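These notes concern the structure reproduced below.
The values are calculated or read from the model by the stated rules, or taken from the named source; none is laboratory data. Keep in mind that what you see is a predicted model, and the values were worked out from it rather than measured. Don't worry about glycine lacking a Cβ; one is built from the backbone with ideal geometry, like all the others, and counts go over all protein chains shown. Note: accessible area is taken over every heavy atom of the protein model, side chains too, but ligands, DNA and RNA are not part of it. Shrake-Rupley method; radii C 1.70, N 1.55, O 1.52, S 1.80 Å.
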Amino acid sequence: GAGVSQSPSNKVTEKGKDVELRCDPISGHTALYWYRQSLGQGLEFLIYFQGNSAPDKSGLPSDRFSAERTGGSVSTLTIQRTQQEDSAVYLCASSYVGAYEQYFGPGTRLTVT
Amino acid sequence: KNEVEQSPQNLTAQEGEFITINCSYSVGISALHWLQQHPGGGIVSLFMLSSGKKKHGRLIATINIQEKHSSLHITASHPRDSAVYICAVRRNNAGNMLTFGGGTRLMVKP
(Lines give C-alpha, C1' and ligand atoms only; values in the text may rest on other atoms or scores of the structure.)
Protein backbone atom coordinates (compact mmCIF):
# COMPACT_ATOMS: atom_id res chain seq x y z
CA GLY A 1 0.00 0.00 0.00
CA ALA A 2 0.95 3.66 -0.13
CA GLY A 3 3.52 4.85 2.37
CA VAL A 4 3.81 8.18 4.12
CA SER A 5 3.96 11.01 1.63
CA GLN A 6 5.18 14.55 2.11
CA SER A 7 4.97 17.67 0.01
CA PRO A 8 6.70 19.59 -1.29
CA SER A 9 9.87 17.53 -1.58
CA ASN A 10 11.92 20.71 -1.74
CA LYS A 11 11.10 24.25 -0.68
CA VAL A 12 13.26 27.33 -1.02
CA THR A 13 11.97 30.42 0.74
CA GLU A 14 13.20 33.84 1.69
CA LYS A 15 13.94 34.71 5.27
CA GLY A 16 10.87 36.09 6.98
CA LYS A 17 8.33 34.26 4.83
CA ASP A 18 5.91 31.66 6.18
CA VAL A 19 5.97 28.06 4.89
CA GLU A 20 3.62 25.12 5.14
CA LEU A 21 4.77 21.53 4.91
CA ARG A 22 2.30 18.71 4.39
CA CYS A 23 2.27 15.11 5.53
CA ASP A 24 -0.12 12.37 4.43
CA PRO A 25 0.22 9.41 6.81
CA ILE A 26 -0.47 5.79 6.02
CA SER A 27 -4.21 5.14 6.02
CA GLY A 28 -5.34 3.82 9.38
CA HIS A 29 -2.35 5.14 11.30
CA THR A 30 -3.59 7.27 14.17
CA ALA A 31 -0.19 8.43 15.40
CA LEU A 32 1.74 11.06 13.44
CA TYR A 33 5.17 12.53 14.22
CA TRP A 34 7.19 15.42 12.86
CA TYR A 35 10.99 15.41 13.08
CA ARG A 36 13.72 17.74 11.85
CA GLN A 37 17.18 16.87 10.58
CA SER A 38 19.49 19.83 10.23
CA LEU A 39 22.61 19.60 8.06
CA GLY A 40 25.27 17.66 9.92
CA GLN A 41 22.96 17.16 12.89
CA GLY A 42 20.95 14.26 14.14
CA LEU A 43 17.21 13.90 14.04
CA GLU A 44 15.17 15.82 16.57
CA PHE A 45 11.57 15.37 17.59
CA LEU A 46 9.19 18.28 16.94
CA ILE A 47 5.58 17.25 17.61
CA TYR A 48 3.41 14.15 18.01
CA PHE A 49 -0.31 13.64 17.32
CA GLN A 50 -2.27 10.67 18.63
CA GLY A 51 -5.89 10.38 17.62
CA ASN A 52 -8.02 13.12 19.15
CA SER A 53 -5.68 13.71 22.08
CA ALA A 54 -3.90 17.02 22.59
CA PRO A 55 -0.65 16.93 20.62
CA ASP A 56 2.72 16.62 22.34
CA LYS A 57 4.40 19.86 21.30
CA SER A 58 7.40 19.52 23.57
CA GLY A 59 9.91 19.44 20.73
CA LEU A 60 8.86 22.59 18.89
CA PRO A 61 11.88 24.94 18.98
CA SER A 62 9.96 28.23 19.09
CA ASP A 63 6.49 29.70 18.86
CA ARG A 64 7.09 30.31 15.16
CA PHE A 65 6.48 26.59 14.68
CA SER A 66 2.99 25.10 14.78
CA ALA A 67 1.27 22.03 13.43
CA GLU A 68 -2.23 20.80 13.00
CA ARG A 69 -3.82 17.56 11.99
CA THR A 70 -7.19 17.77 10.34
CA GLY A 71 -9.67 14.92 10.51
CA GLY A 72 -7.11 12.68 12.15
CA SER A 73 -5.26 12.26 8.88
CA VAL A 74 -3.31 14.91 6.98
CA SER A 75 -0.99 17.12 8.99
CA THR A 76 0.48 20.52 8.19
CA LEU A 77 3.61 21.93 9.83
CA THR A 78 3.75 25.71 9.61
CA ILE A 79 6.84 27.81 10.18
CA GLN A 80 6.22 31.53 10.46
CA ARG A 81 8.81 34.22 9.76
CA THR A 82 11.38 31.66 8.66
CA GLN A 83 14.98 32.05 9.72
CA GLN A 84 18.10 30.60 8.13
CA GLU A 85 18.53 28.22 11.05
CA ASP A 86 15.19 26.66 10.08
CA SER A 87 16.88 25.16 7.00
CA ALA A 88 16.66 21.40 7.43
CA VAL A 89 14.93 18.28 6.22
CA TYR A 90 11.55 17.93 7.88
CA LEU A 91 10.44 14.33 8.24
CA CYS A 92 7.02 12.98 9.03
CA ALA A 93 6.31 9.49 10.34
CA SER A 94 3.16 7.59 11.26
CA SER A 95 2.27 4.47 13.20
CA TYR A 96 -0.66 2.47 14.48
CA VAL A 97 -1.97 3.37 17.90
CA GLY A 98 0.07 1.70 20.61
CA ALA A 99 2.63 0.43 18.12
CA TYR A 100 6.24 1.41 18.31
CA GLU A 101 7.31 0.97 14.69
CA GLN A 102 7.16 4.24 12.81
CA TYR A 103 7.02 4.58 9.04
CA PHE A 104 8.86 7.60 7.69
CA GLY A 105 8.05 9.79 4.75
CA PRO A 106 10.70 10.99 2.27
CA GLY A 107 10.99 14.38 3.92
CA THR A 108 10.78 17.99 2.80
CA ARG A 109 14.08 19.78 2.33
CA LEU A 110 13.59 23.39 3.42
CA THR A 111 16.16 26.02 2.47
CA VAL A 112 15.79 29.52 3.86
CA THR A 113 17.83 32.09 1.94
CA LYS B 1 26.52 14.65 27.28
CA ASN B 2 23.96 13.36 24.81
CA GLU B 3 21.42 10.92 26.15
CA VAL B 4 22.07 8.57 23.22
CA GLU B 5 25.61 8.02 22.00
CA GLN B 6 26.62 5.96 18.99
CA SER B 7 30.00 4.61 17.99
CA PRO B 8 31.73 4.75 15.71
CA GLN B 9 30.57 7.91 13.96
CA ASN B 10 32.05 6.69 10.70
CA LEU B 11 32.92 3.19 9.58
CA THR B 12 34.46 1.87 6.39
CA ALA B 13 34.46 -1.86 5.74
CA GLN B 14 35.31 -4.25 2.96
CA GLU B 15 32.55 -6.31 1.43
CA GLY B 16 31.99 -9.46 3.41
CA GLU B 17 33.18 -8.10 6.74
CA PHE B 18 31.20 -8.46 9.96
CA ILE B 19 30.14 -5.03 11.20
CA THR B 20 29.15 -3.86 14.66
CA ILE B 21 27.61 -0.49 15.50
CA ASN B 22 27.13 0.42 19.14
CA CYS B 23 24.57 2.53 20.96
CA SER B 24 24.71 3.56 24.61
CA TYR B 25 22.05 5.53 26.43
CA SER B 26 21.85 7.16 29.81
CA VAL B 27 18.11 7.25 30.49
CA GLY B 28 15.43 4.74 31.33
CA ILE B 29 13.74 3.54 28.20
CA SER B 30 10.73 1.52 27.14
CA ALA B 31 12.08 0.69 23.68
CA LEU B 32 15.05 1.18 21.39
CA HIS B 33 14.89 1.53 17.63
CA TRP B 34 17.48 1.01 14.92
CA LEU B 35 16.85 3.02 11.77
CA GLN B 36 18.59 3.06 8.40
CA GLN B 37 18.90 6.22 6.33
CA HIS B 38 20.02 5.80 2.76
CA PRO B 39 21.98 8.43 0.83
CA GLY B 40 18.75 9.63 -0.79
CA GLY B 41 17.49 10.48 2.69
CA GLY B 42 14.74 7.89 3.13
CA ILE B 43 14.52 6.37 6.60
CA VAL B 44 13.55 2.77 7.22
CA SER B 45 12.86 1.23 10.59
CA LEU B 46 15.02 -1.88 11.02
CA PHE B 47 14.28 -3.04 14.54
CA MET B 48 12.41 -2.14 17.69
CA LEU B 49 13.76 -3.79 20.83
CA SER B 50 12.80 -3.81 24.46
CA SER B 51 14.88 -6.83 25.45
CA GLY B 52 17.07 -9.60 24.08
CA LYS B 53 17.89 -10.04 20.43
CA LYS B 54 16.22 -9.79 17.05
CA LYS B 55 17.39 -11.03 13.65
CA HIS B 56 16.27 -10.06 10.19
CA GLY B 57 18.25 -11.49 7.31
CA ARG B 58 21.87 -10.42 7.74
CA LEU B 59 21.01 -7.91 10.46
CA ILE B 60 21.04 -8.70 14.16
CA ALA B 61 20.17 -6.29 16.96
CA THR B 62 20.80 -6.90 20.64
CA ILE B 63 20.04 -4.93 23.74
CA ASN B 64 21.28 -5.15 27.33
CA ILE B 65 18.87 -3.19 29.49
CA GLN B 66 21.04 -3.40 32.62
CA GLU B 67 24.06 -2.00 30.80
CA LYS B 68 21.98 0.48 28.77
CA HIS B 69 23.63 -0.68 25.57
CA SER B 70 22.54 -1.98 22.19
CA SER B 71 24.45 -3.26 19.20
CA LEU B 72 23.55 -3.62 15.55
CA HIS B 73 25.46 -6.28 13.67
CA ILE B 74 25.64 -6.78 9.92
CA THR B 75 26.96 -10.13 8.72
CA ALA B 76 28.50 -10.61 5.27
CA SER B 77 28.33 -6.88 4.58
CA HIS B 78 27.58 -5.65 1.08
CA PRO B 79 28.00 -2.26 -0.63
CA ARG B 80 24.22 -1.83 -0.59
CA ASP B 81 24.44 -1.76 3.23
CA SER B 82 26.15 1.63 2.92
CA ALA B 83 23.93 4.05 4.81
CA VAL B 84 23.63 5.97 8.04
CA TYR B 85 22.42 3.80 10.92
CA ILE B 86 20.59 5.63 13.67
CA CYS B 87 19.80 4.48 17.18
CA ALA B 88 16.76 6.03 18.85
CA VAL B 89 15.21 5.46 22.27
CA ARG B 90 11.75 5.91 23.63
CA ARG B 91 12.34 7.33 27.10
CA ASN B 92 10.21 6.28 30.03
CA ASN B 93 7.50 8.82 30.83
CA ALA B 94 8.14 10.67 27.59
CA GLY B 95 5.18 9.39 25.64
CA ASN B 96 6.08 8.37 22.14
CA MET B 97 8.84 10.88 21.63
CA LEU B 98 12.05 9.40 20.24
CA THR B 99 15.50 10.65 21.25
CA PHE B 100 18.08 10.01 18.55
CA GLY B 101 21.75 9.20 18.49
CA GLY B 102 23.97 11.05 16.07
CA GLY B 103 24.11 8.18 13.61
CA THR B 104 26.88 5.98 12.25
CA ARG B 105 27.85 6.50 8.64
CA LEU B 106 28.77 3.12 7.12
CA MET B 107 30.51 2.66 3.82
CA VAL B 108 31.06 -0.85 2.52
CA LYS B 109 33.58 -1.06 -0.29
CA PRO B 110 33.49 -3.81 -2.91
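Structural remarks
- Residue match in the stretch A:23-36 (condition: open to solvent by 40 Å² or more (accessible area, probe 1.4 Å) and modelled with pLDDT of 95 or more): yes
- Note on the stretch B:41-72: residues that are touching a strand residue (DSSP E or B) at 6+ places or on another chain (Cβ under 7 Å), among the polar types (S, T, N, Q), away from chain A (no Cβ under 14 Å) and in a loop (DSSP other than H, G, I, E, B) amount to 0.
- Subset of the stretch A:1-36 [of a type in the set (S, T, N, Q) and within 11 Å of A:Thr108 (Cβ to Cβ)]: A:Ser5, A:Gln6, A:Ser7, A:Ser9, A:Asn10
- Only residues that are of a type in the set (Gly, Ala, Ser), modelled with pLDDT under 95 and either within 16 Å of A:Ser5 (Cβ to Cβ) or open to solvent by 80 Å² or more (accessible area, probe 1.4 Å) (or both) were counted in the stretch A:63-89, giving 2.
- Flag for B:Val84 being in contact with a Lys or Arg (Cβ under 6 Å, 6 or more places away or on another chain) and within 14 Å of another protein chain (Cβ to nearest Cβ): yes
- The residue of the stretch B:16-38 that is most open to solvent (accessible area, probe 1.4 Å), among those that are more than 13 Å from chain A (Cβ to nearest Cβ) and outside any strand (DSSP E or B), is B:Phe18.
- Elements of type strands (runs of 3 or more DSSP E) in chain A, at least 1 residues being closer than 20 Å to B:His38 by Cα and within 12 Å of chain B (Cβ to nearest Cβ): A:5-7, A:10-13, A:31-37, A:43-50, A:88-95, A:108-112
- Condition check for B:Ser77 on (1) open to solvent by 30 Å² or more (accessible area, probe 1.4 Å); (2) of a type in the set (S, T, N, Q); (3) more than 27 Å from A:Tyr33 (Cα to Cα): one failure, at (1).
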